Amino acid sequence: MISIKNLHASIEDKEILKGIDLEVKAGEVHAIMGPNGSGKSTLASVLAGREDYEITEGSVTFENEDLLELSPEERAQKGIFLAFQYPVEIPGVSTTNFLKTAINQVREARGQKALDAVHFLKLMKEKMKLVDIDQALLSRSLNEGFSGGEKKRNEIFQMAMLEPKLAVLDETDSGLDIDALKIVADGVNTLKTKDTATIVVTHYQRLLEYIVPDYVHVLYQGRIVKSGDKSLAFELEEKGYDWIKEEVAAI
Ligand code: ADP
Ligand code: MG
Ligand code: MG
């Protein structure tokens, strides 16, 4: 589904990503872990198409198309969901209205007819049940005054509605309690299908007690220095990152 090859990215002439290789296939959940400052959020931002980053080398192909040539909107239309693309507060615009616009943009780009009110509401009801979100939250202005948990629930609901092929979630360590993490984990587990893939960037070992990733990668100093299965996440929880740093230093 997505193939990242020798990806190098800089910000303000400082190289942050120094040759990332990653292949994600349909049906897989990949976790990206690593010490603070290793480049995890940079990788997620580059996949999102944020403009502050300069790609100096390498390639990213999504379903055989050059992802790096596409705008953030085009990426969304191709079926990529980037959670932090929409963390903004939008006064006066409810999640419902926001999603109606977003879904119909995606449908238009795919050559599908816009959903009418009846079908949109039917889809809403179905997905609300699926991810267990309250109607009241959806009527409020998007993200305005939302708690950490409400933001996460909303984000997972957006993901459920948009039915992306690939979801990239950057779970930063700011102000998220364990309940909010569980919401994310439940959502990822519920929405997983054999045709979709997820990349979860996480600062939290604990998230991986609830999401079972197929692969775990450790990013350190802008490179993936170790990959394994979920047992690697448990090893990191137990031993921390120092042994990885020592291994890298010994090379
Ligand atoms: P992580 O998510 O793994 O904690 P980041 O991708 O946020 O790491 O950051 C990687 C490195 O890039 C850090 O050294 C950080 O200081 C640097 N960095 C990130 N954003 C910027 C920026 N806007 N300007 C300068 N340096 C940045
Ligand atoms: Mg950080
Ligand atoms: Mg980060």
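Residue-by-condition table, conditions (1) outside any strand (DSSP E or B); (2) over 26 Å from Ile211 (Cα atoms); (3) of a type in the set (A, V, I, L, M, F, W, C):
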| position | (1), (2), (3) |
| --- | --- |
| Ile4 | no, no, yes |
| Ala9 | no, yes, yes |
| Gly19 | no, yes, no |
| His30 | no, no, no |
| Asn36 | yes, no, no |
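Report the residue count in the range 50-65 for those that are in a loop (DSSP other than H, G, I, E, B), within 16 Å of ligand 1 (Cβ to nearest atom) and over 15 Å from the mean Cα position of the chain (by Cα). Full working, then the answer.
Initially, the range 50-65 is screened for residues in a loop (DSSP other than H, G, I, E, B), giving 50-53, 63-64.
Keeping just the survivors that are within 16 Å of ligand 1 (Cβ to nearest atom) gives 50-53.
Next cut, over 15 Å from the mean Cα position of the chain (by Cα) only: 51-53.
Adding up the residues that qualify gives 3.
Tally time: how many residues in the range 122-142 are surrounded by 19 or more Cβ atoms within 10 Å (Cβ to Cβ) and among the polar types (S, T, N, Q)?
Final tally of qualifying residues: 0.
If you go through the range 210-229 one residue at a time, do you hit one that is within 25 Å of Leu17 (Cα to Cα), within 14 Å of the chain's Cα centre (by Cα) and within 16 Å of ligand 2 (Cβ to nearest atom)?
The answer is no; no qualifying residue exists.
With respect to Lys122, determine if the residue is part of a loop (DSSP other than H, G, I, E, B), out of contact with any Pro (no Cβ under 7 Å at 6 or more places or on another chain) and basic (Lys, Arg).
So Lys122 does not fit the description; no.
Across the range 205-233, what is the total count of residues that are at negative phi, surrounded by fewer than 18 Cβ atoms within 10 Å (Cβ to Cβ) and not in a strand (DSSP E or B)?
So the answer is 9.
Yes or no, residue by residue, for (1) touching a Leu at 6+ places or on another chain (Cβ under 6 Å); (2) within 16 Å of ligand 3 (Cβ to nearest atom):
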{"position": "Ser141", "(1), (2)": "no, no"}
{"position": "Asp170", "(1), (2)": "no, yes"}
{"position": "Lys182", "(1), (2)": "no, no"}
{"position": "Ile199", "(1), (2)": "no, yes"}
{"position": "Leu207", "(1), (2)": "yes, yes"}
{"position": "Asp242", "(1), (2)": "no, no"}
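Take the residues in the range 179-204 that are in a strand (DSSP E or B) and of a type outside the set (S, T, N, Q), then tell me which one is farthest from ligand 2 (Cβ to nearest atom).
Initial filter on the range 179-204 (in a strand (DSSP E or B)): 197-202.
Imposing the further condition that a residue be of a type outside the set (S, T, N, Q) reduces the set to 197, 199-201.
Details: Ala197: 24, Ile199: 16, Val200: 15, Val201: 10 Å.
Of everything passing the filter in the range 179-204, Ala197 is farthest from ligand 2 (Cβ to nearest atom).
Restricting to the range 140-177, give me the number of residues that are modelled with pLDDT under 85 and outside any helix (DSSP H, G or I).
15
Is it the case, given these coordinates, that Ser94 is within 30 Å of Asp134 (Cα to Cα) and either surrounded by fewer than 18 Cβ atoms within 10 Å (Cβ to Cβ) or within 9 Å of ligand 1 (Cβ to nearest atom) (or both)? Don't jump to the end; show me each part of the working.
Numbers: within 30 Å of Asp134 (Cα to Cα): yes; either surrounded by fewer than 18 Cβ atoms within 10 Å (Cβ to Cβ) or within 9 Å of ligand 1 (Cβ to nearest atom) (or both): yes.
The answer is yes for Ser94.
Take Lys194 and tell me if it is within 16 Å of Gly27 (Cα to Cα) and surrounded by fewer than 18 Cβ atoms within 10 Å (Cβ to Cβ).
yes
On the basis of being within 16 Å of ligand 1 (Cβ to nearest atom) and either exposed (fewer than 14 other Cβ atoms within 10 Å of the Cβ) or assigned to a helix (DSSP H, G or I) (or both), does Leu47 make the cut?
In short, yes.
Enumerate the pairs (first residue in the range 35-61 and farther than 20 Å from Val24 by Cα; second residue anywhere and of a type in the set (Lys, Arg)) with beta-carbon separation below 8 Å, excluding pairs fewer than 6 apart on the same chain, so at least 6 apart or on different chains.
Qualifying pairs under 8 Å: Pro35/Lys245.
Within the range 21-45, how many residues are closer than 17 Å to Lys245 by Cα and more than 10 Å from ligand 3 (Cβ to nearest atom)?
2
Any idea which of (1) in a helix (DSSP H, G or I); (2) touching a residue at least 24 places away in the same chain (Cβ under 8 Å) is the one Phe81 doesn't satisfy?
All conditions are met except number (1).
What do you reckon, is Lys194 under 30 Å from His8 (Cβ atoms) and either basic (Lys, Arg) or touching a Cys at 6+ places or on another chain (Cβ under 9 Å) (or both)?
no
The values are calculated or read from the model by the stated rules, or taken from the named source; none is laboratory data. Keep in mind that this is a model prediction, so the values were computed, not measured. Note: ideal-geometry Cβ built from the backbone for every residue, glycine included; neighbour counts use all protein chains shown.
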